[in-house]
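Presented below is the structure to which this report refers.
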Amino acid sequence: MPSPAPEDPAKAAALYLQACDRGNGSACADLGQLYDRGAGVPKDAAVAAGYYRRACEIGSPLGCNNLGLDCKEGLGVRANDTSAADLFAKACDLGGADGCTNLGYMRSVGRGVALDGPLAVRLYQVACDEGSAQGCHNLAYRYELGVDVEKSEREALPLYERACSLGLAVGCDNMGGLFERGRSIVRDMDQAVRLYAKACAMGDMTGCNNVGHMYKLARGVPRDDIKATRYFRRACDGGLPLGCKNLAKTSSADEAPGSTPDRR
C-alpha cells in the first residue's frame with residue numbers, strides 16, 4: 001500500500017534521503033514514491049526505480065513490490081515480467097500483502113510465471129488476511145464467478161465487504177450487485193443503493209451509474225429522474241462512457257416510456 005503523502009514533500013524527501021543513506025529500507029521506498037509522484041522532487045520514474053531497488057535489497061516489501069510494478073509496466077526500467085513476478089514473490093515473502101496480491105495476479109494469467117489458478121487463490125487469501133483490499137476483492141470475484149474455486153456468492157460477500165471496508169470502491173460496488181441480484185443471498189435493494197452510493201462517493205464511476213439506475217427504475221428508492229440524471233452526469237464526467245450514454249437517454253426529450261438505463 002502506498003505511503004500517505006507528507007505535508008511538506010520537499011522536507012520529507014531530504015529526511016528520507018538521510019534515512020535511506022543510513023540503511024533504512026522503508027525510507028528508500030518512500031523516497032522512491034516521491035519521485036514517482038513528483039512531490040517535493042522532480043518526477044522521475046528511473047530515479048524512483050533506483051530507490052525501490054535499494055529498498056528491496058535492504059528488505060523493504062514496499063520497495064520490492066513497487067519495483068515489481070515498474071518491471072511489469074516498464075516504468076523507469078525495462079519491462080520484464082519474470083523479474084516482476086520474482087520481485088512480487090520477494091515482497092510477499094517479506095510480509096507485503098500487495099506483493100502477494102500482485103503475484104496472485106501473475107499466477108492467475110501466467111504472466112512471468114507458470115499459470116496456476118489454485119495458487120493464485122491461495123495468494124489472494126494470504127493477501128486478504130494481511131489487509132490487502134485488492135487481494136480480498138480478487139478472491140471474492142473468483143468465488144462469485146467460480147474460477148478455480150467452487151462458485152459461492154455467500155463466500156464472495158464477506159470478502160467484498162472486507163475490500164469495501166478497507167477502502168476499495170469497486171468492492172463496495174460489487175457487494176451492492178450481490179444484494180441487488182439476490183441470487184444466493186437475500187435480496188436487499190436498500191443495501192444495494194447504499195453500497196452503490198458509497199462506491200460512487202469513493203470515486204467509482206460504475207457505482208455512480210448504478211445509483212442512477214436505481215433512481216431511474218425505483219429500485220430501493222422512490223423514482224427520481226433528477227437524482228438519476230445527477231448520478232449519470234457524475235459517472236459521465238468521471239470518464240465512464242456508459243454514464244454518458246445513460247445521461248443522453250435520460251435527458252432526451254423523446255425518451256421512450258419505461259426505457260431502461262444500461263448497466264454494463
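Out of everything in the range 108-123 that is aliphatic (A, V, I, L, M) and within 16 Å of residue 135 (Cβ to Cβ), what residue ends up being surrounded by the fewest Cβ atoms within 10 Å (Cβ to Cβ)?
Among them, the one singled out is 109.
How do the pairs read when you match residues in the range 203-220 that are basic (Lys, Arg) with residues anywhere that are crowded, with 23+ Cβ neighbours inside 10 Å, using Cβ under 6 Å and keeping only pairs 6 or more apart or on different chains?
Short answer, once both residue conditions are applied: 216/228.
Tell me which residues, restricted to the range 1-43, are acidic (Asp, Glu) and either buried (at least 16 other Cβ atoms within 10 Å of the Cβ) or assigned to a helix (DSSP H, G or I) (or both).
Across the range 1-43, the qualifying residues are 21, 30, 36.
Looking for something within 20 Å of residue 167 (Cβ to Cβ), acidic (Asp, Glu) and not assigned by TED's automatic domain parsing to the domain that holds residue 160 - is there at least one such residue anywhere in the range 228-239?
no
Might you let me know whether the range 83-101 holds any residue that is surrounded by fewer than 24 Cβ atoms within 10 Å (Cβ to Cβ), closer than 30 Å to residue 179 by Cβ and among the basic types (Lys, Arg)?
No.
Residue 83 passes all but one of (1) assigned to a helix (DSSP H, G or I); (2) within 26 Å of residue 161 (Cβ to Cβ); (3) more than 20 Å from the chain's Cα centre (by Cα); which number fails?
The single condition residue 83 does not satisfy is (2).
List the residue pairs whose Cβ atoms are under 8 Å apart, where the first residue sits in the range 98-118 and is under 25 Å from residue 60 (Cα atoms), the second is in a loop (DSSP other than H, G, I, E, B) and modelled with pLDDT under 95, and the two are 6 or more positions apart or on different chains.
98/1
So, of the residues in the range 163-205 that are surrounded by fewer than 23 Cβ atoms within 10 Å (Cβ to Cβ) and hydroxyl-bearing (Ser, Thr, Tyr), which turns out to be modelled with the highest pLDDT?
165
The values are calculated or read from the model by the stated rules, or taken from the named source; none is laboratory data. This one's a predicted model, so the numbers in the text were calculated from it and none came from an experiment. Counting neighbours? That spans all protein chains shown, and the Cβs are built from the backbone with ideal geometry, glycine included.
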